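Asks: Dumping the structure here so I can ask a few things about it.
Throughout, read-outs are computed from the coordinates displayed, never taken from laboratory work. Just so you know, these numbers come straight off a predicted model, no measurement behind them. Because the Cβ atoms are built from the backbone with ideal geometry, glycine has one as well, and the counts that use them run over all protein chains shown.
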Amino acid sequence: MIETKKRAAKIVVRLKKAYPDSACSLKYKNAHQLLVATILSAQTTDEQVNKVTPKLFKKYPDIESFAAVDIEKLENDIKSIGLFRNKAKSIKNSAVMLLHEFGGKIPECLDEIIKLPGVGRKTGSVVLGTWFGKAEGIVVDTHVKRIAGLLGLTENKDPNKIEQDLMQVINKKDWIILTHLLIDHGRAVCIARRPNCKICILNKLCPSAQI
């Protein structure tokens with residue numbers, strides 16, 4: 001465990017140097033917009049979400065307007081996004097709950113935010129980490145799942161177990177940025193179908209590197 005922690009720390013240092021501007025790629029202006037965008041991003045690319053949200057947030061500028069919207073109209077507004085019916089329901093119902101049970105404010109702890117419809121640990125951690133700067137977990141998306149496995153930081157396949165493994169070896173101050181760093185690295189170098197190990201800054205720290 002100690003050796004893995006040391007190696008993980010070196011990995012983070014190299015990734016920070018390679019991607020100094022790494023950050024959430026979703027577009028938003030406030031905590032609720034980030035919540036909506038994150039709900040929309042499930043099993044959908046951030047790029048696709050960012051095509052929809054500018055018009056969506058202009059049409060529904062606050063929590064009240066999302067809570068009051070006719071569900072079929074909202075479905076139509078986001079129909080280009082995968083699972084749009086379920087996501088429309090989650091967006092509307094979470095807005096209703098925010099108004100009625102949270103005073104129109106986004107909860108700032110994981111136990112509270114995951115009470116919202118359609119908000120699981122992953123979505124909650126995105127909002128808490130990205131907007132509030134609170135590291136209550138590590139967001140495990142497809143890039144994180146794949147690259148963490150290749151790096152030998154976990155042997156698990158279940159996202160919840162992967163998160164727990166990473167929380168054991170990654171310094172808490174890096175929990176939030178880690179996801180963004182691995183996403184950037186997955187898009188630029190450690191590409192799923194053709195990882196470019198020869199130019200990878202992590203190749204000497206990666207047990208899966210083919211060099």
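Asks: Sequence gap at least 6, Cα distance under 8 Å: using those rules, report the relative contact order of the stretch 31-130 to the nearest whole percent. Mind dumping the intermediate values first?
Replies: Values: 98 pairs, mean separation 31.3, N = 100.
Relative CO of the stretch 31-130 lands at 31 percent.
Asks: Could I ask something else about it? How long, wide and thick is the stretch 31-130, going by the Cα atoms along their three principal axes, in whole angstroms, largest first?
Replies: The Cα atoms of the stretch 31-130 stretch 31, 26, 20 Å along their principal axes.
Asks: Rounded to whole Hz and in sequence order, give me ³J(HN,Hα) for the stretch 177-193 from the Karplus expression 6.51 cos²θ - 1.76 cosθ + 1.60, θ = phi - 60°, writing x for Gly and Pro.
Replies: Here the 3J(HN,Hα) series is 6, 3, 4, 5, 5, 5, 5, 4, 5, x, 7, 8, 10, 7, 6, 3, 7 Hz.
Asks: Also, I was wondering about something else. Which longest run of the chain has no exposed loop site in it, a site being trypsin sites (Lys or Arg not before Pro) in a DSSP loop with at most 12 other beta carbons within 10 Å, and the site itself not part of the run?
Replies: Result for the longest clean stretch: 106-156.
Asks: Another one. What are the ³J(HN,Hα) couplings of the stretch 38-53, residue after residue, when phi is run through the Karplus curve with 6.51, -1.76, 1.60 and θ = phi - 60°? Round to Hz, x for glycine and proline.
Replies: Listing the rounded values in order: 5, 4, 5, 7, 4, 6, 9, 6, 4, 4, 5, 4, 5, 6, 8, 5 Hz.
Asks: Something else: At what distance in nm do the modelled label points of K27 and N156 sit from each other, each positioned 7 Å from its Cα along Cα→Cβ?
Replies: 3.6 nm
Asks: Under the definition of Cα pairs under 8 Å and six or more residues apart, what whole-number percent is the relative contact order of the stretch 1-68?
Replies: Averaging sequence separation for qualifying contacts and normalising by length gives 23 percent for the stretch 1-68.
Asks: Cross-link list K51/K161; K58/K134; K5/K134; K16/K105; K58/K79: which exceed 25 angstrom alpha carbon to alpha carbon?
Replies: As for pairs spanning more than 25 Å Cα to Cα, those are K51/K161; K58/K134; K16/K105.
Asks: Follow-up question, since we're still on this one. What three numbers, in Å, describe the spread of the alpha carbons of the chain along their principal axes, ordered from the longest?
Replies: Ordered largest first, the chain gives principal extents of 55, 31, 28 Å.
Asks: Explain nothing, just compute: Karplus ³J(HN,Hα) = 6.51 cos²θ - 1.76 cosθ + 1.60, θ = phi - 60°, for every residue of the stretch 97-107 in order, whole Hz, x for Gly and Pro.
Replies: 5, 4, 5, 7, 10, 10, x, x, 10, 6, x
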